[in-house]
């Protein structure tokens, strides 16, 4: 199967799959969010989802009216306290009453703390949760993934193979076979005084030894060398990944977060964002991403959910 | 309170124009250490043609002249000095700067560490601040002013004190660009102080120090994420009460990876024109890389001219 070329392709495929298998039930945590409501109304119109809104019912109604969103066909569960609303939405998904979980107007870390709670049952053994940002920057005109800029603050070496495994679930849906993964650093040379570059070297050797499968991995690589064939040539960095990375793996949450945001703010890239590793896909796009980005995220999540458990 | 200065430089073209004005008063001089480097020779000959700076070329004279011939660069009016090796070239360049015969030191074909060792050698008295850091000045089509990103080039993992010094260095660079009180965002993944995030905690402490007047000539706030720091509509919609949110002049990163990757992302995805400078010595240290397009190289030399003029004026005032 050919790679999906762009987000139009992705949405088309998602619409086709849901028209075969039916719309998925999506629980929106803290639904007092005009952008999330607009995105859900679009996704519903496309036949992708059946929305379940969890939050303060009266505020939701008010915000929907103000934003011109028709709530006909939306289920609403009244829970005015944000943390409880987040937990309730997560429970609904964990119980199987919904297939997808989405973050509304609540801070990401509060949302994750609530959803990640052991008692809720969204957590899976031996899995970690990671954020995967999917971008289509004009400058590249292809998909580029960034992970993890949203969940793990400081991933250790032992976490990185799992971070990569989670991202591979997304590239599989995008039909990118044998994706190329760059372990980002400030440099390509392995300097012993730069722990991040050292980490990149260690992970790429693990990959050489077959400890990480289904991907072509190299690092340390700087951002320009990772994605620009000219930079890779200029700086004489060989290997299969340099110049054509599909997935950028970063060393901490600040780097990932700022990188994602710089791509969609200053690169005006179309985007999508998910948290992978739970028993169901979780839609977590940045507060400053467009409504379109949220629709993209929902489309991507339906494909992941239809694929199998996530 | 209006913090805007009518002399504030807002684009890379402003930087080039301002440097040309400075050099019209007195043509500033760049000394290139190990000038046998095509990218650098191209940059300095372009800078001179544009009236931005003159240069002294120190290094392997034969190679310098050969490169000039091969690539049809006019090097005839440059002062050229032979040096036995890169260490000698670095030493000579630093000596010329210490003797005030050059305003700016530029890195040629030698490791940055070799150059800095010579520049920071105590006997020359060229060290100005405790920490040597890098500032990347980015001119973006989608931002109304210049963005100063630091430090993506020198300090690998700044500790708390080093982060403060990096901020001081960045304040000086932004002030040289006509921003009297730069707005400084301490970048993090969130705007709330999450006790599990060590860098966000560090930022909160620095912001409070700034509130108490412990950081001069700047408006400092953090933790701020990139969207809150640069998008006024996000700052407004999410009610982030901050004098920096939505209008940052400076983004302070917590590691070399963060600074480096953000700058490169703004260049690669955001179409930024980039110029860079190493700060902390009595003279600016400029470096351009092979892969820089000509306008970046020119802007980097122009930035160094502006910053050296600023430092010289400060010295007179002290």
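If only Cα atoms are counted, what is the Rg of the range A:1-132, and what is its Dmax, in Å?
15.3, 47
Roughly how crowded by other chains is peptide A:12-22, in terms of the mean Cβ count from those chains within 10 Å of each of its Cβ atoms?
Counting other chains' Cβ atoms within 10 Å and averaging over A:12-22 gives 0.
Mind pulling the angle between the C-alpha long axis of helix A:82-94 and the longest principal axis of chain A? Nearest 10 degrees, somewhere in 0 to 90.
Once rounded, one gets 80 degrees.
Relative contact order for the range A:156-257: what percent, with Cα pairs under 8 Å and sequence separation of 6 or more?
32 percent
Per residue of B:248-260, how many C-beta atoms from partner chains lie within 10 Å of its own C-beta, taken as a mean?
Mean shielding count: 5.
Give the calculated FRET efficiency between residue B:65 and residue B:180 to the nearest 0.05, with a Förster radius of 30 Å applied to their Cβ-Cβ distance.
With a Förster radius of 30 Å, E is 0.10.
Which order do peptides B:58-67, B:209-218, A:127-136, B:90-99 fall in by mean Cβ count within 10 Å, highest first?
For the peptides B:58-67, B:209-218, A:127-136, B:90-99, the packing ranking is A:127-136, B:90-99, B:58-67, B:209-218.
Would you mind calculating the gained length between residue B:50 and residue B:212 on full extension (0.36 nm times residue separation, minus the Cα-Cα distance), in nm to one decimal?
Fully extending the segment from residue B:50 to residue B:212 adds 53.8 nm.
Mind checking the mean number of beta-carbon atoms from other chains within 10 Å of the Cβ atoms in B:225-236?
For peptide B:225-236, the averaged partner shielding equals 4.
Place a point 7 Å from Cα of residue B:7 in the direction of its Cβ. Which residues in the range B:265-308 have their backbone N less than 15 Å from it?
B:306-308
Over all alpha-carbon pairs of chain B, lay out the pair-distance distribution in 10 Å bins, whole %, shortest bin first.
Spelled out per bin, shortest first, that is 6, 28, 34, 21, 9, 2, 0.
So how many Å³ per residue does the convex hull of the Cα atoms of the range B:226-275 work out to?
Looking at the range B:226-275, the number lands at 90 Å³ per residue.
Residue separation times 0.36 nm, minus the C-alpha to C-alpha distance between residue B:193 and residue B:159: what's the value?
Answer, rounded to one decimal: 10.4 nm.
What percentage of all Cα-Cα pairs in the range B:131-278 are separated by more than 25 Å?
Value for the range B:131-278: 18 percent of Cα pairs lie more than 25 Å apart.
Return a whole-number percent for the relative contact order of the range A:191-310, with Cα pairs under 8 Å and 6 or more residues apart as the contact set.
The value is 14 percent.
For q = 0.10, 0.14, 0.19 Å⁻¹, what log10 I(q)/I(0) does the range A:130-265 give under the Debye formula with an equal point scatterer on each alpha carbon and no solvent?
Reported log10 I(q)/I(0), two decimals: -0.27, -0.55, -1.09.
If you take every DSSP beta bridge fully contained in the protein assembly as shown, what fraction is antiparallel? Give it as a percent rounded to 5.
So the antiparallel bridges in the protein assembly as shown amount to around 30 percent.
Which three numbers, in whole Å and largest first, are the semi-axes of the equivalent ellipsoid of the range B:91-200 derived from its Cα gyration tensor as √(5λ)?
So the three semi-axes of the range B:91-200 are 30, 18, 13 Å.
Helix B:38-49: angle to the longest alpha-carbon principal axis of chain B, degrees 0 to 90, nearest 10?
Approximately 90 degrees, to the nearest 10.
Expected output is a single nm value to one decimal: the length gained when fully extending between residue A:57 and residue A:153, i.e. 0.36 nm times separation in residues minus the C-alpha distance. What is it?
Here the answer is 31.2 nm.
Could you tell me how many cubic angstrom of Cα convex hull volume the range A:187-310 has per residue?
133 Å³
What is the helix-to-structure angle for A:291-307, meaning the angle in degrees between its Cα long axis and the longest Cα principal axis of chain A, kept from 0 to 90 and rounded to the nearest 10?
Helix A:291-307 and the main axis of chain A meet at about 80 degrees.
Of B:300, B:286, B:76, which has the largest mean-square fluctuation in a 10 Å C-alpha GNM of chain B?
B:76
What percent do you get for the relative contact order of chain A when only Cα pairs under 8 Å and 6+ apart count?
Averaging sequence separation for qualifying contacts and normalising by length gives 22 percent for chain A.
Could you tell me what percent of the DSSP beta bridges with both partners in the range A:130-265 are antiparallel, to the nearest 5?
That works out to approximately 25 percent antiparallel.
Would you list the P(r) distribution for the protein assembly as shown, with all Cα-Cα distances sorted into 20 Å bins from 0 and each bin expressed as a whole %?
Spelled out per bin, shortest first, that is 20, 49, 25, 6, 0.
Averaged across orientations, what area in nm² does the convex hull of the alpha carbons in the range B:157-217 project?
Seen from a random direction, the Cα hull of the range B:157-217 projects 4.4 nm² on average.
Only the coordinates and a few stated rules stand behind these numbers; no lab work does. Since this is a predicted model, take the numbers as computed values, not measurements. Glycine also receives a Cβ, built like all others from the backbone with ideal geometry; neighbour counts cover every protein chain displayed.
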